Amino acid sequence: MNFSLEQLLAFVTVYEFKSFSKAAVKLDKHRTTIGQVITNLEDQLAITLFERIGRSVEPTQDATLLYHYAKQAIEQTRTFDRMALSLSYGGLESITIAYASFIPQQVLTAIRKALMQDFPTMGVNLLVRSKAEIKKGIQDGSIHFGLVNVFEGKVVNSIDSVAMRSMAFVPFTSKNNELAKLPPSETMTAMKTARQFVLKSMLDDDMADRVVFSSHYEVVDQQTLIIRMLQEGMGWALLPRTIAFSEYYSDDIVEVKVEQMKEAVLVPVSLWSQHSKQVMLIKQTIAKCITDYLKALDNANS
């Protein structure tokens, strides 16, 4: 059987909105047009996809089985379109790199320097965004690259994903904080009741179970603000171990040794990008920067 992109789009949109009218608005079509497309698809498949209930519709079991395949087929078609279109264009005048707020600024600076050397005339925009915003931006073309936390995340076919190494997060506090003065066998108990600052992006990425230790925690958007508050002795936080090598680190902050934490909390990071000929060489430069940075950290820690 051959199905048109129009049929698949109508099916997926009606399935997601459970409404012909809302699907019509989303696809900029008339409601009767969407209804006819679905009817024709049902005739072609010889099955019922939706139970019509007044103004709403409910997907049948058959529709649920087909939905993910239809969604995947649409994404593959869009990826093909973007890749084919990119073949006819030259280099990019500017790119946008979006990143999670915990990404070390030394990495971003190194990436910018490398891009300046390899692509001297290209502009680079660097923006903090959530993973959901990065995913949407890459799919609609407003974002070219994303550095994201992929803990329990799945990447759709419309996004090119390169797995980087995981970043290690460990507890930090002020050297004058009581936590810093306790023996490692007692710090975990104290941490559970002390004020903890939690990076919002971690909660947005469904990592609360792994990063929230204290019943007394506060959510903060910016990692640099958390570091500043730690320097003022206001609490403790899980931060990338790499901050010890950053310009924001000072002797005022120390890593809290915890006997019960045999390993750091690992946050897997991936480099997301568009499927496009135009970004291939740029992606290589960015990936190399990240790899070189992590190797340098390994050497510094060894």
Going through the range 1-38 one residue at a time, which ones are outside any loop (DSSP other than H, G, I, E, B) and in contact (Cβ under 8 Å) with a residue 40 or more places away in the chain? Leu5, Leu8, Leu9, Phe11, Val12, Val14, Tyr15
Can you tell me how many residues in the range 158-181 are in a loop (DSSP other than H, G, I, E, B) and open to solvent by less than 60 Å² (accessible area, probe 1.4 Å)? 5
Restricting to the range 232-254, count the residues that are at pLDDT 90 or above and surrounded by fewer than 17 Cβ atoms within 10 Å (Cβ to Cβ). 3
Could you please find all residues in the range 267-288 being within 19 Å of the chain's Cα centre (by Cα), part of a helix (DSSP H, G or I) and of a type in the set (A, V, I, L, M, F, W, C)? Val279, Ile286, Ala287
Being of a type in the set (S, T, N, Q) and in contact (Cβ under 8 Å) with a residue 12 or more places away in the chain narrows Gln196, Gln117 down to just Gln196
Regarding Val57, is this residue of a type in the set (A, V, I, L, M), over 18 Å from His68 (Cβ atoms) and either at pLDDT 95 or above or not in a helix (DSSP H, G or I) (or both)? yes
Within the range 41-75, which residues are hydrophobic (A, V, I, L, M, F, W, C) and either closer than 11 Å to Val14 by Cβ or surrounded by 11 or more Cβ atoms within 10 Å (Cβ to Cβ) (or both)? Leu41, Leu45, Ile47, Leu49, Phe50, Val57, Ala63, Leu65, Leu66, Ala70, Ala73, Ile74
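Listed here are the residues, each with its yes/no results for (1) of a type in the set (S, T, N, Q); (2) out of contact with any Phe, Trp or Tyr (no Cβ under 9 Å at 6 or more places or on another chain); (3) on the phi > 0 side of the Ramachandran plot; (4) not in a strand (DSSP E or B).
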residue	(1), (2), (3), (4)
Asn40	yes, yes, no, yes
Asp43	no, yes, no, yes
Thr48	yes, yes, no, yes
Glu51	no, yes, no, no
Thr64	yes, no, no, yes
His68	no, yes, no, yes
Ile74	no, yes, no, yes
Phe80	no, yes, no, yes
Would you check which residues across the range 98-113 are closer than 18 Å to Gly137 by Cβ and either among the hydroxyl-bearing types (Ser, Thr, Tyr) or over 12 Å from the mean Cα position of the chain (by Cα) (or both) and list them? Tyr99, Ser101, Leu108, Ile111
Mind checking whether some residue in the range 22-31 is small (Gly, Ala, Ser) and open to solvent by 30 Å² or more (accessible area, probe 1.4 Å)? no
Close pairs (8 angstrom Cβ cut-off, 6 or more residues apart or separate chains): of a type in the set (A, V, I, L, M, F, W, C) in the range 221-232, in a helix (DSSP H, G or I) and open to solvent by less than 30 Å² (accessible area, probe 1.4 Å) anywhere: Ile227/Ile243
What do you reckon, is Met202 outside any loop (DSSP other than H, G, I, E, B), modelled with pLDDT of 85 or more, surrounded by 17 or more Cβ atoms within 10 Å (Cβ to Cβ) and not polar (S, T, N, Q)? yes
Tell me which residues, restricted to the range 213-231, are β-branched (Val, Ile, Thr), open to solvent by 40 Å² or more (accessible area, probe 1.4 Å) and at pLDDT below 95. Thr224
Filter the range 46-80 down to the residues that are under 23 Å from Thr32 (Cα atoms), of a type in the set (A, V, I, L, M, F, W, C) and out of contact with any helix residue (DSSP H, G or I) (no Cβ under 8 Å at 6 or more places or on another chain) and list them by number. Ala46, Ile53
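The values are calculated or read from the model by the stated rules, or taken from the named source; none is laboratory data. Treat the numbers as computed from the prediction; the structure is a model and nothing was measured. Every residue, glycine among them, receives a Cβ derived from its backbone with ideal geometry; neighbour counts consider all protein chains shown. What goes into the accessible areas is simple: the full protein's heavy atoms, side chains included, and nothing from ligands, DNA or RNA. Shrake-Rupley method; radii C 1.70, N 1.55, O 1.52, S 1.80 Å.
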